[in-house]
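K.L.:
Before I ask anything, let me first share the structure, which is written out below as structure tokens.
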Amino acid sequence: DAGVTQSPTHLIKTRGQQVTLRCSPKSGHDTVSWYQQALGQGPQFIFQYYEEEERQRGNFPDRFSGHQFPNYSSELNVNALLLGDSALYLCASSLRISGGLSSYNEQFFGPGTRLTVL
Amino acid sequence: GDSVTQMEGPVTLSEEAFLTINCTYTATGYPSLFWYVQYPGEGLQLLLKATKADDKGSNKGFEATYRKETTSFHLEKGSVQVSDSAVYFCALTADKLIFGTGTRLQVFP
């Protein structure tokens, strides 16, 4: 079992550019959540995808968007990059339980993508 | 809104010392509480959890008790090792995971 994988590992962009980050969930998981972790801070919830739809969203602008594919993998897109978007972006996968919220289940985190915006 | 407050680090200890990392929370409902650990260069790993008041989570010698009366979930370990050096995050779930800012633990031989 490969666990949660993310690509790329590192990325350098300039202000105004667009970026796409990718995540493959742990085998058997159907829900993917994305987090932004600024240097020296705890992860901040961006959004969560289940059944190819955004189910929950944190306090992030519309520049942050995502997608989930039929194989449960997911992408995070950020448009019009700002210097403040520089962070470690974490993907977490879990298995949604019937009638419950996936956030109550253990979330398995990937190693993250380090995004630097110059 | 819901939030988590952790003691600031770094916490610096000698091997075999006793560890306490304080965590308090604010929540309108009855959240589940978690401790995650982040080793250098790695992703977050769940260390332990507690889902209701008075529950004690434990793993790898670490323990934390869900104290509803003091809204706390302090992490403890009786004897730390150099390999415990990492950043520790307290977190809660309401409808999503909310993390504290993290506490860096440095253990020296």
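K.L.:
Please go through region B:73-109 and give me each residue that is in a loop (DSSP other than H, G, I, E, B) and closer than 22 Å to B:T12 by Cβ, ordered by number.
P.N.:
Result: B:H74, B:G78, B:S79, B:V80, B:Q81, B:S85, B:G100, B:T101, B:G102, B:P109.
K.L.:
Suppose we filter region B:23-37 for residues that are in a loop (DSSP other than H, G, I, E, B) and crowded, with 16+ Cβ neighbours inside 10 Å; how many remain?
P.N.:
2
K.L.:
What strands (runs of 3 or more DSSP E) completely inside chain A contain at least 1 residues that are under 26 Å from B:A94 (Cβ atoms) and among the small types (G, A, S)?
P.N.:
Ranges flagged: A:31-37, A:64-68, A:74-78, A:87-94.
K.L.:
Does at least one position in region B:54-72 carry a residue that is of a type in the set (A, V, I, L, M, F, W, C) and either outside any strand (DSSP E or B) or within 14 Å of chain A (Cβ to nearest Cβ) (or both)?
P.N.:
no
K.L.:
Then there is this: Write out, first by first residue and then by second, each pair whose Cβ atoms fall under 7 Å of each other, whose residues are 6+ apart or on separate chains, and whose first residue, in region B:98-109, is more than 7 Å from chain A (Cβ to nearest Cβ) while the second is part of a loop (DSSP other than H, G, I, E, B) and of a type in the set (S, T, N, Q).
P.N.:
Note: pairs meeting the criteria are B:L105/B:S85; B:Q106/B:S85; B:V107/B:Q81; B:V107/B:S85.
K.L.:
Something else now. Might you let me know whether region A:90-111 holds any residue that is over 12 Å from the mean Cα position of the chain (by Cα), of a type in the set (S, T, Y) and modelled with pLDDT of 95 or more?
P.N.:
No, region A:90-111 has no match at all.
K.L.:
Here is a further query. Look at A:T9 and say whether it is within 14 Å of chain B (Cβ to nearest Cβ), in contact (Cβ under 8 Å) with a residue 60 or more places away in the chain, within 22 Å of B:Q38 (Cα to Cα) and surrounded by fewer than 13 Cβ atoms within 10 Å (Cβ to Cβ).
P.N.:
In short, yes.
K.L.:
Would you mind telling me which numbered condition in (1) over 13 Å from the mean Cα position of the chain (by Cα); (2) crowded, with 17+ Cβ neighbours inside 10 Å B:F73 fails?
P.N.:
Result: B:F73 fails condition (1) only.
K.L.:
Sticking with this one: Just to be sure before I move on: is A:A87 farther than 25 Å from B:T103 by Cα and not β-branched (V, I, T) in the structure I sent?
P.N.:
So A:A87 fails the test.
K.L.:
Still on this model: Give me the pairs, please: first residue somewhere in region A:38-64 and more than 8 Å from every other protein chain (Cβ to nearest Cβ), second residue anywhere and among the acidic types (D, E), beta-carbon distance under 8 Å, and either six or more positions apart or on two chains.
P.N.:
Here the result reads A:F47/A:E54; A:Y50/A:D30; A:E51/A:D30, each pair linking region A:38-64 to a residue that is among the acidic types (D, E).
The values are calculated or read from the model by the stated rules, or taken from the named source; none is laboratory data. All of these numbers come straight from a predicted model, not from anything done at the bench. Note that we place each Cβ from the backbone using ideal geometry, even for glycine, and neighbour counts take in every protein chain shown.
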